[in-house]
Amino acid sequence: MYPSSKRIYRSKSLTSDVTISADIQTLHRNPDIWRRDAHVFRLERFDDWRLTSLQKEAFVPFGMRPHLCPTSSGFGERFVTLLVVVLTAHFGPDKATIHFQEAELNSNLEANLPTDRDDMEDWVIKMKR
């Protein structure tokens with residue numbers, strides 16, 4: 001799931017002369033923080049005991065106050081789960097398949113899915129006949 005904007009920037013005025021800002025998408029994919037495979041989604045990376053102190057500070061998936069995402073209370077996770085269940089029930093492997101522009105993704109079930117928003121633009125759900 002991605003936010004409605006391709007880029008989310010946050011800024012905070014520290015003093016009348018000093019403002020800090022961050023590009024959240026870039027922050028979440030920075031190899032200096034997340035290692036060489038920063039662009040690859042690995043769920044186990046986010047086990048609390050695995051995160052370095054820098055990673056804990058850099059991981060802000062729901063933003064920060066005063067711009068905290070309304071789904072941060074757990075609604076987002078429940079909504080994604082519901083969405084997956086409904087899509088699976090409706091389409092299911094017997095009814096439809098997802099086709100990717102990258103041929104390897106269509107044939108290799110072990111391949112990592114691209115995680116950038118633009119990578120998903122050409123994904124197509126094809127109904128089986």
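The values are calculated or read from the model by the stated rules, or taken from the named source; none is laboratory data. Bear in mind the structure is a predicted one, so any value in this text is a computation, not a measurement. Virtual Cβ from ideal backbone geometry, glycine too; neighbours counted across all protein chains shown.
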Qualifying residues in the stretch 78-110 (those that are of a type in the set (G, A, S) and exposed (fewer than 12 other Cβ atoms within 10 Å of the Cβ)) - the one farthest from R129 (Cα to Cα): A103
Test set (1) loosely packed, with under 11 Cβ neighbours inside 10 Å; (2) touching a residue at least 60 places away in the same chain (Cβ under 8 Å) - L113 fails condition number: (1)
Tally of residues being of a type in the set (K, R), more than 17 Å from the chain's Cα centre (by Cα) and modelled with pLDDT of 80 or more across the stretch 1-34: 0
Residue within the stretch 57-74 that is more than 23 Å from S11 (Cβ to Cβ) and in a helix (DSSP H, G or I) present: yes
Output for the stretch 35-78, where each listed residue is at pLDDT below 85, basic (K, R) and closer than 24 Å to P114 by Cβ: R42, R45, R50
Pick from the stretch 83-129, criterion part of a helix (DSSP H, G or I) and within 17 Å of the chain's Cα centre (by Cα), ranking: farthest from R42 (Cα to Cα): L83
